């Protein structure tokens, strides 16, 4: 399982090291004293499946790592049920007794503290910087940022934690069109131009905070494919054969396995710090059904079954992007609904805040030389405004009824004493009613 610490998420091809540092005993390396642990591998695969359900057709690339970093940063500012929901979506779980909880891994009454949420991200970022980030032939860069409007001040501890644990840049600027352009330009630079415009729509006037995270990867194969061996051939897509350019490497050492219903191939990038894992369903298999079974446990069994042998490898070159992916649906599918519907982000700032949008754009290119990929995830936070009192203004034609309701066990029947239409209340106004005549003083009442 430890090899999972160096894999890219299959299909998503997102950086996902440190997954299998969670041993089978369920002890977590970041929480030696017990408490909460982050099951990042479960989040990465669950996130992919949630997105795949919303984007069932065509090519798809996402970055679970980028999403986890941004939502993790957001979770450090959530409180109460919102914190519990976000941590559930991120797949935090209790590992050992702590604060009166148990070791079952079930959700407890108290969500992880902000420091407990942030700690595994700080450790993961450190491992990435010191591992693949220091390997010759691999460029791996991550960024995080908080952008605040000039009239909005986040809590000092929230901003400090973002800087310390997520290496976030914290900056204030107007969140108007100029601010949106500045944020997009920063993200474009961090992704080397592969994500030129993450936020394509203007920010709402109530937007006071923007969270963003990027990941950029350029990795050479440990053993490059020879372009002279590449050839054109059909790719058997679901809708019919499509032209493709295939790269080939003849009788080269690799790690490969044949399992129930699919085959697996593991190819290392330079230095062996990162790998490309390819999962190939058997001919005629249902890819959507196969995706739904993509779990961390299945990945672990797959990697354990890999064996070194010589094989001829034929892979298509591919280059595509998944743009403007709305992450609110996948977030709900992962269990974060309460944080969106009844938000409590009082750990970010005083007053009411809510999530306005959550988006991701990712791009990947794989060829004979290696892979280049980038992704950016962004969340906008709105200052909630108290709802205006409801009004009902009948200043246009309407119908009316004077009714009485008769009730029985099955139905409420309206008895319409009067029913009509008011097209112009000033038309056909009746004359002023005459007052009732009072009997003259001393007059006798009429006999009954």
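The values are calculated or read from the model by the stated rules, or taken from the named source; none is laboratory data. Bear in mind the structure is a predicted one, so any value in this text is a computation, not a measurement. FYI the Cβ positions are ideal-geometry reconstructions off the backbone, even for glycines, and counts take in every protein chain you see.
Between 175, 211, 194, the distinction of being assigned to a loop (DSSP other than H, G, I, E, B), touching a residue at least 60 places away in the same chain (Cβ under 8 Å) and surrounded by 15 or more Cβ atoms within 10 Å (Cβ to Cβ) belongs to 194 only.
The set of residues from region 153-167 being in contact (Cβ under 8 Å) with a residue 24 or more places away in the chain and surrounded by fewer than 16 Cβ atoms within 10 Å (Cβ to Cβ) comprises 153, 155, 157, 164.
For residues that are part of a strand (DSSP E or B), in contact (Cβ under 8 Å) with a residue 12 or more places away in the chain and either out of contact with any strand residue (DSSP E or B) (no Cβ under 6 Å at 6 or more places or on another chain) or farther than 14 Å from residue 313 by Cα (or both), tally how many sit in region 248-262.
Matching residues across region 248-262 total 3.
Taken over region 218-236, the residue count meeting the criterion of being part of a strand (DSSP E or B) and either out of contact with any strand residue (DSSP E or B) (no Cβ under 9 Å at 6 or more places or on another chain) or within 24 Å of residue 302 (Cβ to Cβ) (or both) is 4. I need the full set of residues from region 267-298 which are part of a strand (DSSP E or B) and either within 27 Å of the chain's Cα centre (by Cα) or over 22 Å from residue 365 (Cα atoms) (or both), in order please. Passing the criteria: 275, 276, 277, 278, 279, 280, 281. Within the set 114, 23, 17, the sole residue that is surrounded by fewer than 23 Cβ atoms within 10 Å (Cβ to Cβ), modelled with pLDDT under 80 and under 22 Å from residue 143 (Cβ atoms) turns out to be 17.
On the stretch given as region 231-247, residues that are surrounded by fewer than 16 Cβ atoms within 10 Å (Cβ to Cβ) and in contact (Cβ under 8 Å) with a residue 12 or more places away in the chain total 6. Consider region 132-152 and keep the residues that are in a loop (DSSP other than H, G, I, E, B) and touching a helix residue (DSSP H, G or I) at 6+ places or on another chain (Cβ under 9 Å). The one that is surrounded by the fewest Cβ atoms within 10 Å (Cβ to Cβ) is 136.
For every residue, the table says whether it meets (1) at pLDDT below 95; (2) under 21 Å from the mean Cα position of the chain (by Cα).
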{"site": "103", "(1), (2)": "yes, no"}
{"site": "110", "(1), (2)": "yes, no"}
{"site": "132", "(1), (2)": "yes, no"}
{"site": "141", "(1), (2)": "yes, yes"}
{"site": "160", "(1), (2)": "no, no"}
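For region 86-100, the condition of being surrounded by 19 or more Cβ atoms within 10 Å (Cβ to Cβ), at pLDDT below 75 and over 19 Å from residue 74 (Cα atoms) holds for at least one residue.
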